[in-house]
1. Suppose R0 equals 45 Å; then what is the FRET efficiency for residue 287 and residue 49 from their Cβ-Cβ distance, rounded to the nearest 0.05?
2. Report the relative contact order of region 222-343, percent, no decimals, based on alpha-carbon pairs under 8 angstrom and at least 6 residues apart.
3. Pulled fully out, how much extra length does the chain show between residue 223 and residue 210, if you take 0.36 nm times their separation in residues and subtract their Cα-Cα distance?
4. Can you give the charge dipole size of region 90-175 about its Cα centre, rounded to the nearest 20 debye, using +1 on the beta carbon of Lys and Arg and -1 on the beta carbon of Asp and Glu?
5. So how much slack lies between residue 105 and residue 135, counting 0.36 nm per residue of separation and subtracting their Cα-Cα distance, in nm?
6. With a Förster radius of 35 Å, plug the Cβ-Cβ distance of residue 174 and residue 319 into 1/(1 + (r/R0)^6) and report the FRET value to the nearest 0.05.
7. Measure out, as a whole number of angstrom, how far apart the alpha-carbon centroids of region 275-343 and region 120-171 sit.
8. Go through 294-301, 249-256 and give me the packing order, highest mean Cβ count within 10 Å leading.
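Just so it is clear, none of the values below were taken in a lab; they were calculated from the coordinates. This is a predicted model, so every value here is computed, not measured. Neighbour counts are summed over all protein chains in view; Cβ atoms, including those assigned to glycine, are modelled from backbone coordinates with ideal geometry.
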Amino acid sequence: MRRFLSFATLLLLLTVFLSFSPADDKPASSEKKDSPAKSAKKPAKEKLRSDRVRGKILQIEATQRIIGIQTELLNTLRRRNNLGQIAYPDVVALAAAAWAAALALRGRPCLAGALGAVAAFARPTGFLIAIPLFLVARGTAARIAAAGAPLAAAVAVHIYFWQRSGDPRAFIHAQQLPIWERNGPSRLSKWPGHVAHAFNVHALLLGCAAVVGIAVVGFVARRFGRWYAAGVAYVFVVAALLLGAQTPQTRIESAVAAVVFPLVGLLWWLGPRYRPWALFATAVVTVSFLSGTVTSFARQALFAFPVYWAVADGPRPLRHPLVAVAAAAANIAFALSLAKYAP
């Protein structure tokens, strides 16, 4: 009897085991069924991942090659600049624009337009001479001849760049390279931070300078008048703001900009006869300043030649012998700096 019970118990356990074994095997079978799909997806994912990695590697290599070319080009430009081997066409553009203005004022719109086209060929901002030529010329045909030629020349230059590079915005993209860093006015937002940092570093010096400046401005106001006092106050403010410049070259170019801006404002103040030329000078200076860097601002501001009329026809103090001597000394100092800093 005991043997029978033990045998029956063993048989019952075997039956229970066999009854549960299929249920236990189903997940295994399902896993076996899923494994081919997973195994098929895995190579696809790995291939996609490898393609992405390979693409990033190619991008990094291309970027490194571009950086190497740019660095080599920048070093070449620096060496040639130090040796005086770089020729800028600014003088050609300035002469052509000035003669175009003279011919337009003398009623020679066709010749003015031809020289305006030369200015547009020589300088990227040369086409801006079309603004005063259009406003000064008399008659529809004269305005089209005088202003249309510089615009057509500028369009031809950019079409040439497009055909040579395959990029319709080749010039803009070239200006955005690390060599020039002309990325638009967004970079100017860093200036307030630089000024605040300079104020924190030179707080004691600026405090003493502020006390002296207030005393000097007050003395000049009582002795010579408010306009002279405003000029002295402007000089003190500019000197304080120049502390925010990060390099000597930036400080020099910013100082030139601080001189040019008031002259442009004075050109507007001279009256309606100067308005076309004031608009032209404002456009030239604005394009250069809002390019994203003040590098080469002094050279580019030369094209805004009407600012010299503000000195010639403006208030008499601008033509004082002391002002003339200071301007000559500043020009000599700036010319000497060209050997070290690219213009």
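1. Calculated transfer efficiency: 0.45.
2. Once divided by the residue count of region 222-343, the mean separation gives 24 percent.
3. 2.7 nm
4. It works out to roughly 240 debye.
5. 9.8 nm
6. Efficiency, rounded to the nearest 0.05: 0.25.
7. The distance from the Cα centre of region 275-343 to that of region 120-171 comes to 24 Å.
8. 294-301, 249-256
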